[in-house]
Amino acid sequence: MDKTPRCLTVLTPILPGKDAALRARLRAIGDDINGKKVSAGTRPDIAFVRSRRIHFARFAILNDPDRGPGRTRLLFASVYDGPLDEHLDELVAITSDVDAIWGACEGYTGVNRFQSFIQAHACDANAYYVAFRDESASSITSAIDARRRRHALQDSHTPSRDERTNARAAIDSPSLFRSLVAATRRVVRAAPVVTDVVRAVVQNGFGNVYHGTLRITASLDRYRVFRVLNWITRNRTPPRKSAFSSVPIDQRSAFAPLVTGDEIPAEWTAIAPEFREDAVAQNQLTLLTVVDPASVGRVRAVLAAIDSYARRLSPPGSLIGISTIHFVRWLLIDRGRRLLFISDYDGSWESYIDEFAEMILSGLDAIWETSYGMPPDGARDFPAFKRFLRSHQVPSDIFFAAYPDATVLNIISDRAH
Amino acid sequence: MRLTDEALADIQGVITSGYRHLPQAAYLFVRMTDLTGARRWLSRISASITTSRRWPVERASANVKPQSAINVGITAAGLRACGLPSRVLCTFPSEFQDGITSPERSRILGDTGESAPERWEIGGLRSDPVHALLLLFASDETNLNALCAAQRAILELCDGVVELRDSMQRGYRPETESEPFGFHDGLAQPRIRGVDGRGVATGEFILGYENHYGLIPPTPVVPRDLDPSEILPPLSNPYHSMESLADLGKNGSYLVYRKLQQDVAGFWQFMAREAARGGRTDPTTIIWLASKCVGRWPSGAPLALAPDRDAPDLSERDDFFYSDDPDGLRCPVGAHVRRTNPRDALKPYPPRQSLSMTDAHRLIRRGRVFGPPLFDPGVLRRASIDARETLPEMRDDGQARGVHFFCVNASLKSQFEFVQQTWANNPRFGGLNDNMDPLTSSPCDEKTASRMTIARRGAPAGAGAGALRTQVLPRFVTVKAGAYLFLPSLTALRFLGRAAADT
């Protein structure tokens, strides 16, 4: 059975006039998770700590300009183990007052029909990456607990010299048989790439798949296969239009939407502190951008390529060399008009974006260059690109992480023990 | 591309030179309360500011080095005080506008508890605002005193421009090159490509040039109507060619100042205690442990090249890497010098990508030591009988000592703050679990308790139990003062000295 953690993304319209009260409720729960003291009482609660299946979960309120001025919608995004119905059952079980949260949404008719309500509003991810396909939330947390116990034991007594040097036996060198098994597994996992390509061509057209893929790989010359491919196809990143940055001279000016409906969720300077982007090891990023309608096919093809790579080829804990991502997903929503990006990552926002720019600059362009507000030189105009991201970032009201102190690198080394 | 002589003559000298031949330093903190006086002061000092101009070569190829040097940095509050309106200030990076004491900055820098800006002596939340900082360097104390007196005389002449009371700081470059803990300091400075012909992109340290990403970063600008006599060069950015703007940042930079007080006795007592916990009391083990925390031996020899014992002949070496030592068996991953400059071993990236990423976060350090040394650092290099006496018995003498830390960077956010937040203060740097920078970090509660973790063969520092873990690291370094400063070019300084009023 496939043990890979699954992702759920739900977008439900909020009833007119209910968004302020809903936000206040969500914030109170979110603050609770963040360790702030909130006056307890009759307010609803979601006891995420009791969950055994959830890796990450977040609630955020997005604008919904297509539905009308002033309208909003609720985003619930989670990563969970096991089947969806059990995830939803658990979510109901740990929520003290389901109606108080979901009752603010259109179409919600009570906790008894919660399952079908959620399933009706769930959106499929166009691309989804999981750092560890074979780890559940409980296997990761128990490995962390084991490490903590080891360290606590070690910290509480005085080691002798011998103990220090002979503490751990050398790792067995892999046998030929084992490496054969591993290689076979990799081939079996990679095989469906062929059908992925066929499906992508059928759905998005050959041109979009071909040019989209080339766009992604333009800056991946560090891999021999792409270096050769780029050489054969003369695939290069287009020359810079200017050596200067296109950011406005006023460093604090608000981002002006280029098209109607390009939601600017919040003043980006105003949201930073409560984002806790560096208070713990893990952070989260939710981006909502508007895609140029003429190029949706290309974006779809690019995301299909990323999805196929992430599913079939990526080694544990690494997406094209980036090892700070726990989970990431892209969804084209609103019939392809908007692109939603949801990620759970390690370290500060600045370092996360820096790593992307270093490792897969052309991939960033391939994904977002058709979104309104992307700088003319794309992600290479680094200050303007960061501003583009910041100004399309949606603050979460609740962000839960099951193992908030563990980075992907920590999990890799915990797994080895 | 090399910088032209004209550009070098416009760039403040402290950016390109550490003034190693001028061991004495004084720092004057200035407040400006009168616009006319402020402009008069800036135009007076602009004539005497030391630039990066190449020193003239006398016969026999000996450089004629200046016997003193003067440089000046101005804070955001200072720029306001010398007449810059908010439509100019808003073109500076937001972290500079906020200033180093803002809560957001303190959170990123880890300036909490004992290091919180509320407790600072200078530039803090409970002390007078710093508007400008004069950096004075001289060959000896007599010259330094004369230099200070001359600068104070200029201040006297300028109404409303005053030195903050009892704020003057003294710094020096010890002959041993040792910072107060006893380690050779100031090594591995990045080279500026435009000055040395190789090294890190010029734009990482000087505004107006291409940075690591091949991009000329945003620069503070002035609307042309504020500069009618066209002192400043025009802004050449094509994205803003519609507006008539002048480039205030060109050939300028940003300077970070932090007064870092060091608990030298506490540092060595901790190392001695930890060695004793492992059953050893010999100075060799104590120094070994401290060197593992630093990443260099007291002489400066990098652990990456000399893993087992100090090797003074390697002390100035900068041509070493860590990627062949991913677990940190030679130089621990959490060691101070490895985490503030991870070179080619930024986990888990391939060496080339790592070097490239590191280049985007380099700092030119211009610090000086303050306070008398608590002990002769020579005992460390000899690890001799003296050290046997000195190290375990070290007691604090109640005198303040440490480093006036200065660093030059073109972006406070992606250089100084990045290094501080993502590398130094990050307990999970490079796959570690609870190991912040053992020297400079300030763990303040149980949750952020930091322990130095030293990998042993077969026992990497991550999850295993075999790596050596110290007890919780106490605070060895406390921040006592700080400022984010703009280092204007000579041209910008002349402009500030005569900027037209704008109300």
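Filtering the range A:218-236 to residues that are within 13 Å of chain B (Cβ to nearest Cβ) and either under 26 Å from the mean Cα position of the chain (by Cα) or acidic (D, E) (or both) leaves A:S219, A:L220, A:D221, A:R222, A:Y223. Looking across the range B:304-347, just one residue is surrounded by fewer than 22 Cβ atoms within 10 Å (Cβ to Cβ), closer than 16 Å to B:L289 by Cα and of a type in the set (D, E), and that is B:D308. Here the range B:389-425 is the region considered, the condition is being β-branched (V, I, T) and in contact with a strand residue (DSSP E or B) (Cβ under 8 Å, 6 or more places away or on another chain), and the residue that is farthest from B:Q24 (Cα to Cα) is B:V408. All conditions but one from (1) under 26 Å from B:T340 (Cα atoms); (2) touching a His at 6+ places or on another chain (Cβ under 9 Å); (3) assigned to a helix (DSSP H, G or I); (4) of a type outside the set (D, E) apply to B:R80; the one that does not is (1).
Taking the numbered list (1) under 20 Å from B:C148 (Cβ atoms); (2) touching a Pro at 6+ places or on another chain (Cβ under 9 Å); (3) of a type outside the set (S, T, Y) in turn, B:V64 passes all entries but (1). In this structure, does B:R2 turn out to be assigned to a loop (DSSP other than H, G, I, E, B), more than 24 Å from A:R252 (Cβ to Cβ) and under 21 Å from the mean Cα position of the chain (by Cα)? Spelling it out, it is not the case that B:R2 is assigned to a loop (DSSP other than H, G, I, E, B), more than 24 Å from A:R252 (Cβ to Cβ) and under 21 Å from the mean Cα position of the chain (by Cα). Per the listing A:Y352, A:Y372, the residue uniquely within 14 Å of chain B (Cβ to nearest Cβ) and of a type in the set (F, W, Y) is A:Y352.
Close contacts from the range B:421-444, counting a first residue that is away from chain A (no Cβ under 11 Å) and over 13 Å from B:P474 (Cβ atoms) and a second that is of a type in the set (D, E, K, R) and part of a helix (DSSP H, G or I), with Cβ to Cβ under 7 Å and a gap of 6+ residues or different chains, come to B:A424/B:R339; B:D437/B:R339. Against the condition closer than 25 Å to B:T422 by Cα, surrounded by 21 or more Cβ atoms within 10 Å (Cβ to Cβ) and under 15 Å from the mean Cα position of the chain (by Cα), how does A:S396 come out, does it pass? It is true that A:S396 is closer than 25 Å to B:T422 by Cα, surrounded by 21 or more Cβ atoms within 10 Å (Cβ to Cβ) and under 15 Å from the mean Cα position of the chain (by Cα).
State whether one or more residues within the range A:70-84 are free of Cβ contacts under 8 Å to residues at least 12 places away in the same chain and more than 18 Å from A:D344 (Cα to Cα). Yes, that holds for at least one residue.
Of the strands (runs of 3 or more DSSP E) contained entirely in the range B:111-214, those carrying at least 1 residues that are under 22 Å from the mean Cα position of the chain (by Cα) and small (G, A, S) fall at B:132-138, B:169-172. Within the range B:367-374, one or more residues are closer than 21 Å to B:A272 by Cα and either buried (at least 18 other Cβ atoms within 10 Å of the Cβ) or more than 23 Å from the chain's Cα centre (by Cα) (or both).
Scanning the range B:85-101 for residues that are of a type in the set (S, T, Y), more than 9 Å from every other protein chain (Cβ to nearest Cβ) and more than 19 Å from the chain's Cα centre (by Cα) returns a single hit, B:S86.
For B:R87, state whether it is in a helix (DSSP H, G or I) and outside the structural domain of B:F476 (by TED's automatic domain parsing). For B:R87, the condition - in a helix (DSSP H, G or I) and outside the structural domain of B:F476 (by TED's automatic domain parsing) - is met.
Kindly check whether there is at least one residue in the range B:291-299 that is assigned to a helix (DSSP H, G or I) and without any contact (Cβ under 8 Å) to a residue 12 or more places away in the chain. Looking through the range B:291-299, none of the residues is assigned to a helix (DSSP H, G or I) and without any contact (Cβ under 8 Å) to a residue 12 or more places away in the chain.
What helices (runs of 4 or more DSSP H) completely inside the range B:5-59 contain at least 2 residues that are under 26 Å from B:V369 (Cβ atoms) and either at pLDDT 95 or above or not basic (K, R) (or both)? Show your work before the answer.
Values: elements: B:5-8, B:13-16, B:35-46.
By residue number, B:13-16.
Looking across the range B:343-370, just one residue is outside any loop (DSSP other than H, G, I, E, B), within 7 Å of chain A (Cβ to nearest Cβ) and touching a residue at least 24 places away in the same chain (Cβ under 8 Å), and that is B:S356.
The values are calculated or read from the model by the stated rules, or taken from the named source; none is laboratory data. Note that the structure is predicted; figures quoted are calculated from it, not measured. Please note: Cβ atoms are built from the backbone with ideal geometry, for glycine as well, and neighbour counts cover all protein chains shown.
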